[in-house]
Amino acid sequence: MKRFILTVGPALLNEVPLTEVHDERNIYRINGAHGSVEDIEKYILKIREQIPDADILMDLPGNKVRTKNLPNGGVSLEKGKTFELSSDCFNYTEFYKHLKPGMTAWANDSIFEFEVVSADAEKIVFLSKSEGVLINNKGVHIRGIHNEIPFLFEKDRQLIELANKWALSFVGLSFVRRPENIKEVRALLGNKTEIITKVETLDAVNNLNDILALTKYILVDRGDLSTDVGVNKIPRFQKYIIDKALFFDVKVFLATQILKSMETKPIPNIGEVEALYHIYKSGVYGVQMSEETAVGQYVINCVRVLYDMLNEVGSEHIEL
C-alpha cells in the first residue's frame with residue numbers, strides 16, 4: 001500500500017485546503033463527470049496553487065450514459081408507475097436507439113431499477129420498480145448495449161486535451177471493455193501521463209489478461225462493476241481481479257464506499273475498519289476516496305483513518 005486517491009470537490013480543496021491533508025503519497029482526483037471542461041480546468045489550477053507539485057488524476061467520465069437537463073428537484077419515481085424522459089435528458093442523445101421494450105435499466109449505482117416500456121427519438125418511457133428521486137448526472141446502465149456505443153464521448157476527448165495541456169500525472173480510463181480502448185487513449189495522451197485503467201465492466205473482467213498486459217495501474221470500481229455483475233458477486237470478482245493483477249505485477253487501486261459512513265460521521269464503523277484492514281493486507285497499491293472527501297463532512301478525519309490503518313497493518317505487536 002503506497003498511494004491514496006483523494007477526490008477533490010466542494011469539501012476537499014475548497015472547504016478543506018489540500019495543505020491540511022497533504023502527503024506525497026496522495027493523488028488528487030478530479031471527477032471529469034462533474035462540471036464543464038472550463039470548471040475542471042479551474043480545479044487543476046486551484047490544486048496547483050495549493051500544492052504546486054501535486055500528482056493529479058483526471059478521471060474521464062467515459063461512455064456512461066448519464067441524466068442531464070432534468071427539472072430542478074429531479075424526477076419523482078413511484079414504484080409500479082411509468083415516467084418518461086426525452087432524448088435530450090441524457091448525455092448521449094442516441095441512447096434510445098439501443099433500447100427495446102422489456103430491457104432492465106439500473107440507475108444511480110443500482111439504487112433504482114426501471115423497465116423500458118418504449119423508446120423513440122422523442123421520448124423513452126420507463127416503468128419504475130423503485131421509489132425515490134432521479135436527479136441530474138446519475139448513470140443509467142443497461143447491460144449488453146455498449147459494443148455499439150462509442151468508447152470516447154466528446155467530453156472525454158476534451159479532457160484528454162486538458163490533461164496534455166497541464167501534463168497531469170494520471171488519467172483514469174473509465175468503462176474499459178477491451179484492450180483496444182487503452183490503445184485508443186494511449187495514442188491521444190502525452191508521454192508524461194500514466195493511464196489508470198478502471199475495471200468496472202464484465203467485459204473488462206473477461207478480457208483481463210489482455211488488459212493487464214497494456215497497463216501499469218488498474219482501479220477496481222466496485223460500484224459500476226456491481227451494475228454489470230450484481231452486488232452479491234463483488235467480493236468474489238474483487239479477489240479475482242486483485243490476484244490476477246498481482247500476478248501480472250500491475251498496481252491495483254480499490255474504490256467505492258471504502259469509508260462511506262464518514263461522509264456524515266467523524267469515525268468509521270467497525271465493519272469499514274475491518275474491511276480496510278483486509279484490503280490493505282490483500283496487496284493492493286492504494287484506495288480511492290470519492291464522496292468521502294469530495295463532499296464529506298469529516299475529510300481530515302477520513303484521511304487520518306487511511307494512514308492510521310496503514311500503520312496498524314504494519315504493526316505486528318499487540319498490547320494486551
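The values are calculated or read from the model by the stated rules, or taken from the named source; none is laboratory data. Computed from a prediction, not measured in an experiment: that's the story for all the values here. No Cβ is skipped: glycine too gets one built from the backbone with ideal geometry, and neighbour counts run over all protein chains shown. The area values use the complete protein model at the heavy-atom level, side chains included, leaving out ligands, DNA and RNA. Shrake-Rupley method; radii C 1.70, N 1.55, O 1.52, S 1.80 Å.
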> What is the residue count in segment 22-50 for residues that are open to solvent by 10 Å² or more (accessible area, probe 1.4 Å) and at pLDDT 95 or above?
Replying inline: 17
>> Please go through segment 154-183 and give me each residue that is charged (D, E, K, R), open to solvent by less than 60 Å² (accessible area, probe 1.4 Å) and without any contact (Cβ under 8 Å) to a residue 60 or more places away in the chain, ordered by number.
In response: Arg177
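Residues checked against (1) open to solvent by less than 50 Å² (accessible area, probe 1.4 Å); (2) in a helix (DSSP H, G or I); (3) closer than 20 Å to Val199 by Cα:
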{"residue": "Leu254", "(1), (2), (3)": "yes, no, yes"}
{"residue": "Met262", "(1), (2), (3)": "yes, yes, no"}
{"residue": "Glu272", "(1), (2), (3)": "yes, yes, no"}
{"residue": "Ile279", "(1), (2), (3)": "yes, yes, yes"}
{"residue": "Glu292", "(1), (2), (3)": "yes, yes, no"}
{"residue": "Ile300", "(1), (2), (3)": "no, yes, no"}
{"residue": "Val303", "(1), (2), (3)": "yes, yes, no"}
{"residue": "Tyr307", "(1), (2), (3)": "yes, yes, no"}
{"residue": "Asn311", "(1), (2), (3)": "no, yes, no"}
> Restricting segment 184-222 to residues that are assigned to a helix (DSSP H, G or I) and open to solvent by less than 10 Å² (accessible area, probe 1.4 Å), which is farthest from Tyr240 (Cα to Cα)?
Replying inline: Val185
> Looking at Val140, Val133, Val125, which is the one that is touching a strand residue (DSSP E or B) at 6+ places or on another chain (Cβ under 7 Å) and at pLDDT below 95?
Replying inline: Val140
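For segment 227-242, name all the residues that are under 17 Å from Asp210 (Cβ atoms) and exposed (fewer than 15 other Cβ atoms within 10 Å of the Cβ). Spell out the reasoning first.
The first filter runs over segment 227-242 and keeps only residues under 17 Å from Asp210 (Cβ atoms), leaving 240-241.
Scanning segment 227-242 gives a single hit, Tyr240.
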> Which of the residues belonging to segment 54-70 are surrounded by fewer than 21 Cβ atoms within 10 Å (Cβ to Cβ) and small (Gly, Ala, Ser)?
Replying inline: Ala54
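Restricting attention to segment 136-156, which residues are within 18 Å of the chain's Cα centre (by Cα) and not aromatic (Phe, Trp, Tyr)?
Initially, segment 136-156 is screened for residues within 18 Å of the chain's Cα centre (by Cα), giving 136-143, 146, 151-153, 155-156.
Hits for segment 136-156 are Asn136, Asn137, Lys138, Gly139, Val140, His141, Ile142, Arg143, His146, Leu152, Lys155, Asp156.
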>> Cβ-Cβ distance below 7 Å, separation of 6 or more or different chains: which pairs start in segment 263-292 with a residue that is touching a residue at least 60 places away in the same chain (Cβ under 8 Å) and end on one that is among the charged types (D, E, K, R) and exposed (fewer than 14 other Cβ atoms within 10 Å of the Cβ)?
In response: Tyr285/Lys2; Gly286/Lys2
